[in-house]
Amino acid sequence: MPDPSAVEATAAAVFADLREEGRELDALIGELPAPDWTRPTPAPRWSIAHQIAHLHWTDRAALLSLTDAAGFAHLVEEALEAPESFVDEGAGEGAKLPPAELLALWRSGRAALDAALAAASPDTRFPWYGPPMKAASMASARLMETWAHGQDIADALGVRRIPTARLRHVARIGVRARDYAYAVRGLPAPAEEFRIELTAPDGSGVWTYGPPDAPQRITGPALDFCLLATQRAHRSDLALAASGPDADRWLDLAQAFAGPAGPGRAPEGPGGRSPEASR
């Protein structure tokens, strides 16, 4: 049986990483002039304001899941009524707000979610649009989405972000979502586990997943795997290598997010990245 104090320490570390991911994105947009909030990002029809509005909307959904089950159930009902449009509608409503007001809402929502995560029972599974999640897993998912949408914003601003060890949360979700990537496309998942070996962002080590002797293998930089799994870059622009036909196929399908498979981004061309991206 795991040591409860160790479980709590692990959850606290995830919560701290989520806070830091939010602060890093906040530093990128906190002093952004109001006109720049309308800049288009790689997600079709989404501006920087749409990206932050979406993060605020999903942070609020996570907060309701943790603190108000009935309120969250109402959000799920709304999503079921408009499954193809509720994400765009939520982002669109928030994007209409003045940038300063939207920024303040996103900041206050992050603070409220942080407090709710810290207060949540570590063993309780809370409802979500996919399978229910414990608080630590929910924090990891929020970090993944904050990082991915932050990448869209960084790309819109022409900023190269320095990857950090926080990417281990994104990588882990991408690995664990392997079978989901097949299921969402109506395909059978391979029966065997893969071996994944990802070089840490600072080059200090390798993050490993799966059996060491698995014949199907993926190797490469952790950053590249995270960009692929969140559909923020095309496979051909990344330094990921596959050994075995099943592993090779997975690199064309990988996604770390719930919901329908997105189109992903097209390969970079002379004019930069294509505006095709998943949300």
Count the net charge of all other residues whose Cβ sits under 15 Å from the Cβ of Pro98, scoring Lys and Arg as +1 and Asp and Glu as -1.
-> -1
Loop-only check: which trypsin sites (Lys or Arg not before Pro) in the range 95-169 are DSSP coil with at most 12 other Cβ within 10 angstrom?
-> Lys96, Arg160
Please report, in debye to the nearest 20, how large the charge dipole of the range 4-157 is about its Cα centre when each Lys and Arg carries +1 at its beta carbon and each Asp and Glu carries -1 there.
-> 200 debye
Can you give the FRET efficiency for Ala12 and Ala79, using 1/(1 + (r/R0)^6), R0 = 25 Å, r = Cβ-Cβ distance, to the nearest 0.05?
-> 0.20
How much net charge surrounds Thr208 when only the other residues with a Cβ under 10 Å from the Cβ of Thr208 are counted, with Lys and Arg +1 and Asp and Glu -1?
-> 0
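The range 4-157: percent of C-alpha pairs farther apart than 20 Å? Walk me through the intermediate numbers first.
On the way: 5751 of 11781 pairs.
For the range 4-157, the share of Cα pairs beyond 20 Å comes to 49 percent.
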Let me know the Rg and Dmax you get for the range 17-90 when you use only its Cα atoms, in Å.
-> 14.4, 38
Just name one of Tyr182, Pro245, Thr219: the one whose Cα is farthest towards the positive end of the charge dipole of the range 167-250 (beta-carbon charges, Lys/Arg +1, Asp/Glu -1).
-> Tyr182
In the chain the DSSP beta bridges are antiparallel at a rate, in percent to nearest 5, of 65 percent
Ordered by number, the GluC sites (Glu not before Pro) in the range 16-58 that occupy a DSSP loop and have at most 11 other Cβ atoms within 10 Å are Glu31
Which helices pass in the chain if a helix is a full DSSP H run, must span at least 15 angstrom along its long axis by Cα, and must have mean Kyte-Doolittle hydropathy not below 0.0?
-> 4-29, 48-67, 69-81, 99-119, 135-157
Can you put Ser85, Ser204, Ser140, Ser243 in order, fewest other beta carbons within 10 Å first?
-> Ser204, Ser85, Ser243, Ser140
Assign unit charges at the C-beta atoms only (+1 for Lys and Arg, -1 for Asp and Glu), then state the dipole size of the range 167-250 relative to its Cα centre in Debye, rounded to the nearest 20.
-> 260 debye
So which GluC sites (Glu not before Pro) in the range 170-279 end up in coil per DSSP with only 14 or fewer other C-beta atoms within 10 Å?
-> Glu192, Glu193, Glu268
Using mean Cβ contacts within 10 Å as the protection proxy, how do 183-190, 253-260 order, highest first?
-> 253-260, 183-190
Which label in (i) 55, 52, 40; (ii) 72, 43, 36; (iii) 54, 43, 38 gives the computed Cα extents along the principal axes in Å | (i)
Using only the alpha carbons of the range 167-250, determine the length spanned along each of the three principal axes and report them from longest to shortest in whole angstroms.
-> 36, 30, 23
What 222 nm value per residue comes from the helices of the chain, counting each DSSP H run with n ≥ 4 as -39,500 (n - 2.57) and dividing by all residues, nearest 500 deg cm²/dmol?
-> -16500 deg cm²/dmol
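Read-outs: derived from the displayed coordinates by stated rules, not from any lab. Quantities reported herein were computed from a predicted structural model and do not represent experimental measurements. Methodologically, a virtual Cβ is constructed for each residue, glycine included, from the backbone with ideal geometry; neighbour enumeration extends over all protein chains shown.
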